[in-house]
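Step one of this worksheet: look at the structure below.
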């Protein structure tokens, strides 16, 4: 069994630095790996990335991340990624990685993802160039996610995104902004492989639990939703994956 901790939307800067670290120091007691589901910074600056590196770097468990829309805001993605990777954090975008934990190979495929909406209420690759570019971005990122999920040679498979792959975890957000919070194409990519769990962030006012059409568990781990330093999922056992609520490590923002 692998214990997967996950959190997103921590939005770190100097004002928040240090709030997560006490709980993160306890990670080895309850988790084997930590997944970060994007929006690690407030505005995507190198200075904020250094805060993330300080907070989440040097932990006793592997840390795997995707970036979110906030992390792209200042157009410093290569620099932000470099700071995180220098701190030992694996950053995925259209890529996958496999880590061996207690003899079990965990595969994680990651992408920021993008918007577009969900079946029956989604945009299409039609009309103005701007609309087509929007949807083609989602298609490209979702296709790469599916390719990497299917290619990873592992025992347990997890999809890590920032944008949501299903509408259920958006419940609580205004319906008008669903197309900017996720896409059904991400869900299709997740269902194209034997994925055990999909985690995402982005929807601060959304709901925690959802399921893809193919039956894969989807969890919104945005910090404003889970209201704790991280949630933990137990994967790879004979029973249904368990989920831990770590109220002792939680704090409100």
Which numbered condition residue 58 fails, given (1) outside any helix (DSSP H, G or I); (2) under 15 Å from the mean Cα position of the chain (by Cα) | (2)
Counted residues, the stretch 25-49 - those being in a helix (DSSP H, G or I) and buried (at least 21 other Cβ atoms within 10 Å of the Cβ) = 3
Which residues, counting only those in the stretch 98-116, are surrounded by fewer than 21 Cβ atoms within 10 Å (Cβ to Cβ) and in contact with a helix residue (DSSP H, G or I) (Cβ under 9 Å, 6 or more places away or on another chain)?
-> none
From the options 153, 168, residue that is more than 30 Å from residue 42 (Cβ to Cβ) and modelled with pLDDT of 95 or more | 153
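List the helices (runs of 4 or more DSSP H) that sit entirely inside the stretch 117-233 and contain at least 3 residues that are over 18 Å from the mean Cα position of the chain (by Cα) and closer than 25 Å to residue 96 by Cβ.
Answer list for the stretch 117-233: 129-151.
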Pairs with Cβ under 9 Å, 6+ apart, first in the stretch 121-132 and under 19 Å from residue 178 (Cβ atoms), second exposed (fewer than 13 other Cβ atoms within 10 Å of the Cβ) and at pLDDT below 90 = 131/124
Sole miss for residue 93 among (1) assigned to a loop (DSSP other than H, G, I, E, B); (2) surrounded by fewer than 18 Cβ atoms within 10 Å (Cβ to Cβ); (3) out of contact with any strand residue (DSSP E or B) (no Cβ under 7 Å at 6 or more places or on another chain) is condition (3)
Looking at this structure, is residue 236 out of contact with any strand residue (DSSP E or B) (no Cβ under 6 Å at 6 or more places or on another chain) and modelled with pLDDT under 95?
-> no
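The values are calculated or read from the model by the stated rules, or taken from the named source; none is laboratory data. If you're wondering where the values come from, they're calculated on a predicted model, not measured in any experiment. Note that we place each Cβ from the backbone using ideal geometry, even for glycine, and neighbour counts take in every protein chain shown.
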